[in-house]
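Reviewing the structure listed below.
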Amino acid sequence: MKILAINKFFYRFGGVESYYFSLIDLLEQHGHEVVPFAMQHPSNMESPWARFFVSQVDYRNLKGLAMLKAALRSIYSREARLKLRKLIQIVKPNISHLQHIYHQITPSIMYELNKNNIPIVQSLHDYKLVCPNYKLYIEHKNEICYRCYRKRYYNVILKKCINYGLGASLVAAIEAYLYSVMKTYYKLVGYFITPSKFLMERLLEIDIPKSRISVMYNFIDTKRWTPVYGGEYFLFVGRLVPEKGVHFLLQAAAKVKRVDIYIAGTGPEEDQLKQKATDLSNVRFLGWLDPESVRVLLAGALCVVVPSIWHDVAPLVIQEAYAAGKPVIGTAMGGIPELIEHEQTGLLVPPRDPDAMAEAICRLANNPKLAMQMGRAARERAETLYSPELYYQRLLEIYSGLTN
């Protein structure tokens, strides 16, 4: 089977891209020909199909006419559609599998795929279809938000919740209304895959039929991970952005000063967080690390911490922790409670509660045998529930159902 694998980034930008490249590997291991379609970027992985990628665009720091052109392109990209048309003519794919296409590629490509009778599967990793800013969370207000529910997208303008700006928020609202009125996703996507029940429920609220949605928790190849039960420190891995809740982790760290806490990642909050941690000798910032370095870091950890204050869809780091034999302390937000079995593979705590977080950290730090026991249960869960083979078989059923 020839599969078009479409995602706006073709380098490891975040968790979505980690999934994207793992999916390509999984499909190729089973003999399928996978052809990528993405955006050009200096950090991209090499690909013989790169000449068909859409030109790079950075929506930051644009002004005047350039801003207007970029705004129009973020809604509908004629370039993406034309380049995909040329790629389709050469490859003649059987099916397409979409990840993140918003803004840099746009849903315009769906119409080209549909015109060429190529079925569309889309894996969703955020709340874009129900919330124009992806997150159900307003960063500059530091609050969970449901105002755009039931297609009340005008609220994104009223709250200026896209990059703090009215212009970007206006564009996002227009985009949301346009594709809602045209029913683009409803009509053209043959099947949706969500990595959590929480996200599936949000799709049901905008009338996507349940018969066209499958909850498929992200897979992880445990054969590539050697579990190490027990460790020395607590670990956060992720982008340093407000919704990840690292500032609450720092507050918890101040209450458990004898416990070492490592923070791996970079992001716009990095300087602010480092400033807050100036007097915390037990906190260490490690910066961005490549995947292999993260594996080494996970091996030495006692536990992984996921302190999210937004409805995190399905943090891949939880499954990576499980593969490494580590329990996870996570907040009861979004899809996180679906991944952490409380008291078995980790501990669930309320969001924005540094006292509860500190208590959970102390509990495992003071009882490493319990942490090891949870780590073994976590590894077993990864081996059974998150098996690549189980994921592939279900994915093949979806592909076959749309192509036969």
So Ile174 clears everything in (1) at pLDDT below 95; (2) crowded, with 21+ Cβ neighbours inside 10 Å except one condition, right? Which one? (2)
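Conditions (1) within 17 Å of the chain's Cα centre (by Cα); (2) among the acidic types (Asp, Glu), marked per residue:
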position	(1), (2)
Asp312	yes, yes
Thr345	no, no
Ala378	no, no
Tyr386	yes, no
Please list, ordered by residue number, the strands (runs of 3 or more DSSP E) wholly in segment 190-244 having 1 or more residues that are among the polar types (S, T, N, Q), surrounded by 21 or more Cβ atoms within 10 Å (Cβ to Cβ) and in the same structural domain as Gly14 (by TED's automatic domain parsing). 191-194
Looking at Leu82, Leu72, Leu113, which one is surrounded by 21 or more Cβ atoms within 10 Å (Cβ to Cβ) and over 22 Å from the mean Cα position of the chain (by Cα)? Leu113
Check segment 365-376 and report whether any residue there is surrounded by fewer than 16 Cβ atoms within 10 Å (Cβ to Cβ), hydrophobic (A, V, I, L, M, F, W, C), touching a residue at least 40 places away in the same chain (Cβ under 8 Å) and farther than 23 Å from Thr222 by Cα. no
Name the residues in segment 2-49 that are polar (S, T, N, Q) and surrounded by fewer than 20 Cβ atoms within 10 Å (Cβ to Cβ), would you? Ser18, Ser22, Gln29, Gln40, Ser43, Asn44, Ser47
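Here is a yes/no grid of residues against (1) outside any helix (DSSP H, G or I); (2) in the same structural domain as Arg12 (by TED's automatic domain parsing); (3) out of contact with any Lys or Arg (no Cβ under 7 Å at 6 or more places or on another chain); (4) among the small types (Gly, Ala, Ser):
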| site | (1), (2), (3), (4) |
| --- | --- |
| Pro42 | yes, yes, yes, no |
| Glu46 | yes, yes, yes, no |
| Val57 | yes, yes, no, no |
| Arg73 | no, yes, yes, no |
| Arg81 | no, yes, yes, no |
| Gln104 | yes, yes, no, no |
| Leu113 | no, yes, yes, no |
| Asn117 | yes, yes, yes, no |
| Gln122 | yes, yes, yes, no |
Only one of these conditions is not met by Arg150: (1) among the basic types (Lys, Arg); (2) without any contact (Cβ under 8 Å) to a residue 40 or more places away in the chain; (3) within 22 Å of Val171 (Cβ to Cβ). Which number is it? (2)
Residue that is modelled with pLDDT of 95 or more, under 25 Å from Phe13 (Cβ atoms) and of a type in the set (Gly, Ala, Ser), where the choices are Ser169, Ser96: Ser96
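The values are calculated or read from the model by the stated rules, or taken from the named source; none is laboratory data. Not measured: the values here are computed from a predicted model. FYI the Cβ positions are ideal-geometry reconstructions off the backbone, even for glycines, and counts take in every protein chain you see.
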